[in-house]
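Since the structure comes first, as structure tokens, the remarks are kept for the end.
The values are calculated or read from the model by the stated rules, or taken from the named source; none is laboratory data. This structure is a prediction, so every number in the text was calculated from the model and none was measured. Cβ placement follows ideal geometry from the backbone for every residue including glycine, while neighbour counts extend to all protein chains displayed.
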Amino acid sequence: MNDHYAVMVFILGSLTLTILAFTLVIFLIVHKKKRFQHLLEKQQMENNYQNQLLLSRLEVQEQSFKYFSEEIHDNVGQLLSMVKMQLYSIRSSSREEDVVNKANGCTELLGKAINDLRNISHTMSSAFVSNAGLAHAIEKDLEYIRSAKEMKCALHVQGEEYSLGNEKELLIFRIIQEGIANAVKHAAPTAIDVYLSYSPALLGVTITDNGSGFVASEKTTGGIGLNNMHMRAGLLNGTLNVTSEKDKGTSIKLEIGKMELMNLSADQQVEK
């Protein structure tokens, strides 16, 4: 009897310990899961906060671009056009050959300046980029570089183009525009090429120049232009890589998965 009682106590005790151990394991699993979920939510909140800060900064930049674009178009452009008309008047009324020749030269230079300002105004305007489309906006920017710097610039489009939406294409265009501007300002190239590569799963953008380049130790990761490019690439869930070699030019590669582009949430888009 005592042996039977002892066995029952042992079995009940073992069962109780097993239940307690199982309960403890379940509790630990649930606790870790909740903690992990909390960390994920916290990280997501931090990411959302950082994205909102980035978007606010980009929106301020776009508003500044819009302001300068309108100023160039409405004020500076009109003033230069009036000067051009005055030169036409001087040329028409003068009988002195030297005056006419100088007026012709000034008129030609003013025409070029007005055209360059018009190109700058267009490429600064987010509305122009949205209406013209990504490829045409890039071509317009390169046209200005060709005209102002007498530099060889070309756009190469590979694959069948597809629309990514105005906001995303504006982000991509600003990355390309920044890359071109950095090359012109710092590398003194004689040629710049931009490649747009469309595939069903990926959009690739490559900007190459034959400028002075730099060695790895000279790369300044804190530069405003490069930071802006990485910031916009991050908002597009893309990867941006910059490679360069001293006296052999620089290559900037941006890759964005098409599904990631299509799945970007509305709060990750820049308002026009």
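With respect to the conditions (1) in a strand (DSSP E or B); (2) under 16 Å from Ser244 (Cα atoms), Gly179 lacks only one, and its number is (1).
The set of residues in the stretch 243-258 being within 13 Å of Leu164 (Cβ to Cβ) and at pLDDT below 90 consists of Gly257, Lys258. If I go through the stretch 152-175 residue by residue, how many of them are loosely packed, with under 15 Cβ neighbours inside 10 Å and assigned to a loop (DSSP other than H, G, I, E, B)? Here the count works out to 6.
If you go through the stretch 135-148 and keep only what is surrounded by fewer than 19 Cβ atoms within 10 Å (Cβ to Cβ) and either hydroxyl-bearing (Ser, Thr, Tyr) or touching a Pro at 6+ places or on another chain (Cβ under 9 Å) (or both), you end up with just Ser147. Just one of the listed residues (Ala137, Ala188) is more than 13 Å from the chain's Cα centre (by Cα), outside any strand (DSSP E or B), closer than 19 Å to Ser244 by Cβ and of a type in the set (Gly, Ala, Ser), and it is Ala188.
Right, Ala132: surrounded by 18 or more Cβ atoms within 10 Å (Cβ to Cβ) and free of Cβ contacts under 8 Å to residues at least 12 places away in the same chain or not? Can you show your working first?
Details: surrounded by 18 or more Cβ atoms within 10 Å (Cβ to Cβ): yes; free of Cβ contacts under 8 Å to residues at least 12 places away in the same chain: yes.
Considered against the rule, which asks whether it is surrounded by 18 or more Cβ atoms within 10 Å (Cβ to Cβ) and free of Cβ contacts under 8 Å to residues at least 12 places away in the same chain, Ala132 comes out as yes.
Residues of the stretch 148-167 that are modelled with pLDDT under 90, touching a helix residue (DSSP H, G or I) at 6+ places or on another chain (Cβ under 6 Å) and not aliphatic (A, V, I, L, M): Asn166 alone.
In the list Leu240, Leu261, which residue meets the criterion of being surrounded by 14 or more Cβ atoms within 10 Å (Cβ to Cβ), touching a strand residue (DSSP E or B) at 6+ places or on another chain (Cβ under 8 Å) and at pLDDT below 85? Walk me through it before giving the result.
Numbers: Leu240 fails: at pLDDT below 85.
Testing whether each residue is surrounded by 14 or more Cβ atoms within 10 Å (Cβ to Cβ), touching a strand residue (DSSP E or B) at 6+ places or on another chain (Cβ under 8 Å) and at pLDDT below 85 leaves just Leu261.
If you go through the stretch 120-147 and keep only what is β-branched (Val, Ile, Thr) and modelled with pLDDT of 90 or more, you end up with just Ile138. Taking the listed residues Ser147, Ser81, Ser92, Ser121, the one that is more than 30 Å from Val194 (Cβ to Cβ), touching a residue at least 24 places away in the same chain (Cβ under 8 Å) and assigned to a helix (DSSP H, G or I) is Ser81, with no other qualifying.
Is there a residue being under 24 Å from Met124 (Cβ atoms), part of a helix (DSSP H, G or I) and modelled with pLDDT under 95 anywhere in the stretch 202-214? No.
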